[in-house]
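Take a look at the structure set out below.
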Amino acid sequence: MKRSAAILFVVTLSLAAGAQTNDPQVLVQHGRDAITHGEPEKAVELFEKAVALKPNNADYHYRLANATIQAGMHASMFSGMSLITKTKAELERAIQLDPNLIAARFALLEVYISAPSFAGGSESGALEQAAEIRKRDAIDGHRAFARVYTGTKKPELARKEYAGMVKEQPASARAHYWFGVYLMLTEKDYPSANAELESAVKLDPSYMPAYFRIGHLAALAGSNMPRGEVALKKYLAYSPKDDEPSLARAHYWLGGIYEKQGKKAEAKSSYAASLKINPNQKDVDAALKRVS
């Protein structure tokens with residue numbers, strides 16, 4: 001009986017290893033898990049294998065580029081330059097394969113606006129991507145142009161894009177959400193940001209990213225903290241999509257609320273839960289040490 005169990009265990013391991021090597025979908029899932037756990041270098045390796053197995057899949061190229069960007073945040077300047085070149089190539093290939101892959105166009109826009117000119121940065125390139133995004137989605141188009149204007153130090157034009165977005169689509173939870181995120185993170189206008197985020201959940205109670213941001217905002221501002229706690233707990237009962245805030249960050253901001261309320265035990269528990277998901281978070285590690 002024990003021998004059979006041992007053989008079964010070895011066979012299972014072999015099958016799993018084979019699936020990781022030969023099944024691109026399994027490789028991508030493992031890559032997604034690596035991103036969740038704060039291991040972008042590992043994710044790059046896994047997505048590279050998936051791309052090699054299925055080179056005409058636009059999503060795989062985009063995922064590889066996204067992981068490369070995250071890996072580049074920890075790279076030296078020389079290797080970082082190489083990663084920018086690789087990232088651009090993967091994003092351009094993704095867009096060539098699927099011109100409607102807006103996430104890839106946003107990522108390429110970000111490269112153009114963030115990289116120095118000698119490394120491929122280009123305001124005109126960013127504007128070109130923003131225009132292509134606008135053709136495909138009005139809300140994302142406003143966001144794209146706003147990002148270009150923020151990156152080129154034109155805040156009045158960025159704000160105009162967001163205000164115009166909400167004016168054009170007042171019944172859209174997504175429009176109010178993104179305006180709220182902009183007001184919170186860029187303008188630090190917390191009262192106005194809160195109003196936009198609450199409008200989002202009022203318009204669509206199932207729009208989960210808005211609950212995350214309501215909690216995030218409560219932790220940043222140190223106000224409406226009971227509301228923020230409820231919102232984050234609601235978000236923690238949800239399984240976020242790849243392009244939505246992670247559960248690790250939800251635990252972190254919940255810990256921040258508890259810490260500001262003087263609830264050290266609860267804060268410690270939340271910070272520990274965040275690090276359990278993603279151990280590679282310096283701000284969370286520092287927060288946990290603060291309350292321990």
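Annotations for the structure displayed:
- Straight-distance crosslink candidates among lysines, where the alpha carbon sits under 26 Å from residue 167 and sequence neighbours closer than 8 are dropped: 135, 153, 154, 188, 202
- Set against the labelled values [x] 18.2, 52; [y] 21.1, 73; [z] 24.1, 102, Rg and Dmax of the Cα atoms in Å computed from this structure falls on [y].
- Note on the chain: with a GNM built from Cα contacts shorter than 10 Å, the maximum mean-square fluctuation among 200, 175, 273 falls on 273.
- Cα gyration tensor shape for region 188-245, rounded if a/c is under 1.5, else prolate or oblate: prolate
- The distance between label points at residue 195 and residue 96 comes to 4.8 nm (points 7 Å beyond Cα on the Cα→Cβ vector).
- GNM remark for the chain: springs join alpha carbons under 10 Å apart, and the peak mean-square fluctuation among 270, 114, 124 falls on 124.
- Low-density loop cleavage sites - trypsin sites (Lys or Arg not before Pro) in region 187-292, where at most 15 other Cβ are within 10 Å (DSSP): 188, 241
- Taking other residues whose beta carbon is less than 11 angstrom from the beta carbon of residue 35, and scoring Lys, Arg as +1 and Asp, Glu as -1, yields -1.
- Region 44-66 versus region 243-292: alpha-carbon centroid distance in Å: 32 Å
- Residue 242 paired with residue 136, simple spin-label distance in nm, labels 7 Å along Cα-to-beta-carbon: 1.3 nm
- Once divided by 2.2 N^0.38 Å, the Cα radius of gyration of region 135-268 becomes 1.07.
- Evaluated at q = 0.12, 0.21, 0.26 Å⁻¹, a Debye calculation over the C-alpha positions of region 22-98 (equal weights, vacuum) places log10 I(q)/I(0) at -0.29, -0.85, -1.17.
- Among the GluC sites (Glu not before Pro) in region 158-226, those placed in a DSSP loop whose Cβ has at most 15 other Cβ atoms within 10 Å are 187.
- Gyration tensor verdict on region 81-159 (Cα atoms; rounded if a/c is under 1.5, prolate if a/b is larger than b/c, oblate otherwise): oblate
- Neighbourhood net charge (15 Å Cβ-Cβ; Lys/Arg +1, Asp/Glu -1) for residue 178: -3
Computed from the coordinates by the stated procedures, all read-outs in this text should not be read as laboratory data. Note that the structure is predicted; figures quoted are calculated from it, not measured. Cβ sites come from the backbone with ideal geometry, for glycine too, and all protein chains shown count toward neighbours.
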